[in-house]
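First up is the structure itself, then whatever we jot down about it.
The values are calculated or read from the model by the stated rules, or taken from the named source; none is laboratory data. Computed from a predicted structure; not experimentally measured. Virtual Cβ from ideal backbone geometry, glycine too; neighbours counted across all protein chains shown. Only protein heavy atoms, including side chains, enter the accessible area calculation; ligands, DNA and RNA are left aside. Shrake-Rupley method; radii C 1.70, N 1.55, O 1.52, S 1.80 Å.
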Amino acid sequence: MLRTDFKTYLKDKNLKPYDAKILEIKNTLSNGGEMLDWYDINKCISLNDLARIKKISQEIRQNCELFIVIGIGGSFLGAKAVITALKPYFTKDNPEIIFAGNSLSESYLTELIDYMENKDTVVNVISKSGTTLEPSIAFDLIYNKMLQKYPTEELKKRIIITTDPTKGVLRKLANDNNYPSFIVPEQIGGRYSVLTAVGLLPIAVAGIDIDKLLLGTKEVNKDLAFEYAVNRDILYHQGKLIELFTFYEPKLAYFTEWLKQLFGETQGKDLKGIYPSSSNNTRDLHSLGQFYQEGTPIIFETVIGINQKGHLKNNLYDYPVEDINMIALKQVAFAHLEAGVESNIIMIDQLDEFHLGMLIYFFEIAAATGAYLLSVNPFNQPGVNFYKNLITKELKK
Ligand code: PA5
């Protein structure tokens, strides 16, 4: 179950003016159209590809030691978010999953290529365009290492390409060499692609149940997502320019990185948008909590809580640790509200595949809706394209 509580501060607000706009947005989303295939989960992945992902991931789990996932932005953050949220803190992964191509760190790439030396390795390169700088450079180096390590035939099991269905250099490489490949559906952009093969293959390789993840999306009460989008919009127009995605379970740290991309790239354009940030509580309360409480009043919070009973008893208090965490969540939200910092509370019953699937779809709907409310295009990123072009121009000089 996913529950929300926006009532603490919204009781006096008039939501009526939003009714017509939300109806229009609901129609836009359900009618489908350009870049909207993510809204219909059945269009994210075909049954055939879902079966292939399960089969290939099983083989990788049985046979390989090192699985390298190359990608950046939407081709990286979703898988990293789900894997970080659902794997135990202290575990020796089999295979070990390493992400690459999300920086231009020479030392990272040099050390990774050395690290591959004696490891049975499979590589999944993910890029819709096939031209993004960071994954292109990482793949160039890692592919060369794979060519040295393995004979041509062997690479047909060890290089897996996730890219555009027809276009680009990676599609050509897959076709020319018979490498296994998956598609990023044409009408789904990077930041909405976690429930396509982009996210599902690495997530399945981590041993996470992707059927349950997809099932969670079907149980989302979409009206709650629209209500949340309206609340954010109201707060924005009251001068709340920063949204802190606040969490009390550190396993959600990459989930909020994914949220930051989802909301930042979807809404931050035409000189508009709420700046998405995150707070890893209770840790960050001891460094930034003072600012949240009494600093420049431009912040509101969206708190993601997990409503589960604790078991770990301690000698200091009558409450188990998880219950103390929940008391902290509630009291901090009260304290912040006292200071005029509103919290949207979003609670899930437990941190598992099903509830994470719910959260993903809930936030995707809210992000796109928020952009429509601001009258900006949710699915382009002209600013990103602008700096990408400048870098490419400079590199070709
Ligand atoms: O949401 C987006 O479109 C971007 O963040 C892309 O995912 C990111 O730039 C990577 O693009 P590509 O998959 O083409 O390498």
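No other residue among Ile53, Ile70 is under 26 Å from Leu147 (Cβ atoms), open to solvent by less than 10 Å² (accessible area, probe 1.4 Å), modelled with pLDDT of 95 or more and in contact with a Gly (Cβ under 6 Å, 6 or more places away or on another chain) apart from Ile70. Restricting the first member to segment 369-392 and to residues that are closer than 13 Å to Glu265 by Cα, and the second to residues that are within 15 Å of the ligand (Cβ to nearest atom) and at pLDDT below 95, the beta-carbon pairs closer than 8 Å and six or more apart or on different chains are Phe379/Glu34.
Take Lys272 and tell me if it is open to solvent by 30 Å² or more (accessible area, probe 1.4 Å), of a type in the set (Lys, Arg) and either closer than 18 Å to Thr4 by Cα or part of a helix (DSSP H, G or I) (or both). For Lys272, the condition - open to solvent by 30 Å² or more (accessible area, probe 1.4 Å), of a type in the set (Lys, Arg) and either closer than 18 Å to Thr4 by Cα or part of a helix (DSSP H, G or I) (or both) - is not met. Does any residue of segment 336-347 turn out to be more than 14 Å from the ligand (Cβ to nearest atom), of a type outside the set (Phe, Trp, Tyr) and without any contact (Cβ under 8 Å) to a residue 24 or more places away in the chain? Yes, because at least one residue in segment 336-347 is more than 14 Å from the ligand (Cβ to nearest atom), of a type outside the set (Phe, Trp, Tyr) and without any contact (Cβ under 8 Å) to a residue 24 or more places away in the chain.
Would you mind stating whether His355 is in contact (Cβ under 8 Å) with a residue 12 or more places away in the chain and within 16 Å of Thr4 (Cα to Cα)?
Numbers: in contact (Cβ under 8 Å) with a residue 12 or more places away in the chain: yes; within 16 Å of Thr4 (Cα to Cα): yes.
Yes; evaluated as a whole, the condition is true for this residue.
Remark: Asp318 falls outside the filter, which requires a residue to be farther than 15 Å from Glu243 by Cβ and in contact with a helix residue (DSSP H, G or I) (Cβ under 7 Å, 6 or more places away or on another chain).
Which residues, counting only those in segment 177-192, are closer than 20 Å to Asn377 by Cα and away from the ligand (no atom under 12 Å from the Cβ)? Even if it seems obvious, please write down each step before you answer.
So the first thing to find is which residues in segment 177-192 are closer than 20 Å to Asn377 by Cα, and the list is 185-192.
Pro185, Glu186, Gln187, listed by residue number.
Here Glu34 meets the list (1) in contact with a helix residue (DSSP H, G or I) (Cβ under 9 Å, 6 or more places away or on another chain); (2) open to solvent by 70 Å² or more (accessible area, probe 1.4 Å); (3) within 16 Å of the ligand (Cβ to nearest atom) almost entirely, failing just condition (1).
Where residues in segment 358-397 are among the small types (Gly, Ala, Ser) and open to solvent by 10 Å² or more (accessible area, probe 1.4 Å), which of them is nearest to the ligand (Cβ to nearest atom)?
Filtering segment 358-397 down to residues among the small types (Gly, Ala, Ser) leaves 366-368, 370-371, 375, 383.
Restricting the remaining residues to those that are open to solvent by 10 Å² or more (accessible area, probe 1.4 Å) gives 375, 383.
Details: Ser375: 20, Gly383: 11 Å.
Step by step, filter segment 358-397, then rank; the result is Gly383.
All conditions in (1) out of contact with any strand residue (DSSP E or B) (no Cβ under 7 Å at 6 or more places or on another chain); (2) within 16 Å of the ligand (Cβ to nearest atom); (3) assigned to a helix (DSSP H, G or I) hold for Thr131, with the sole exception of (3).
Results for (1) surrounded by fewer than 19 Cβ atoms within 10 Å (Cβ to Cβ); (2) within 16 Å of the ligand (Cβ to nearest atom); (3) among the aromatic types (Phe, Trp, Tyr); (4) modelled with pLDDT of 95 or more, shown as yes or no for each residue.
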site	(1), (2), (3), (4)
Tyr248	no, no, yes, yes
Leu262	no, yes, no, yes
Glu265	no, yes, no, yes
Asn280	yes, no, no, yes
Gln290	yes, no, no, yes
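Working only within segment 58-83, note down all residues that are within 13 Å of the ligand (Cβ to nearest atom) and without any contact (Cβ under 8 Å) to a residue 60 or more places away in the chain. Correct list: Phe76 only. Against the test of being outside any strand (DSSP E or B) and touching a strand residue (DSSP E or B) at 6+ places or on another chain (Cβ under 8 Å), the options Met326, Met347 yield a single qualifying residue, Met326.
Within the option set Lys7, Lys26, being modelled with pLDDT of 90 or more, more than 22 Å from Ala197 (Cβ to Cβ) and basic (Lys, Arg) holds for one residue only, Lys26.
Are any residues in segment 142-153 in a helix (DSSP H, G or I) and either more than 15 Å from Met116 (Cα to Cα) or within 16 Å of the ligand (Cβ to nearest atom) (or both), and if so, which ones? Give the derivation first.
Filtering segment 142-153 down to residues in a helix (DSSP H, G or I) leaves 142-149, 152-153.
Across segment 142-153, the qualifying residues are Ile142, Tyr143, Thr152, Glu153.
Which helices (runs of 4 or more DSSP H) sit wholly inside segment 167-265 and have at least 1 residues that are under 28 Å from Asp284 (Cα atoms) and touching a Ser or Thr at 6+ places or on another chain (Cβ under 8 Å)?
On the way: elements: 169-177, 197-205, 210-218, 222-237.
Filter on segment 167-265 gives 222-237.
Of Lys156, Lys119, all but one fail to be charged (D, E, K, R), assigned to a helix (DSSP H, G or I) and either without any contact (Cβ under 8 Å) to a residue 60 or more places away in the chain or not assigned by TED's automatic domain parsing to the domain that holds Ala204 (or both); the exception is Lys156.
The residues of segment 104-116 that are open to solvent by 30 Å² or more (accessible area, probe 1.4 Å) and either under 23 Å from Ile56 (Cα atoms) or within 15 Å of the ligand (Cβ to nearest atom) (or both) amount to a single one, Leu104.
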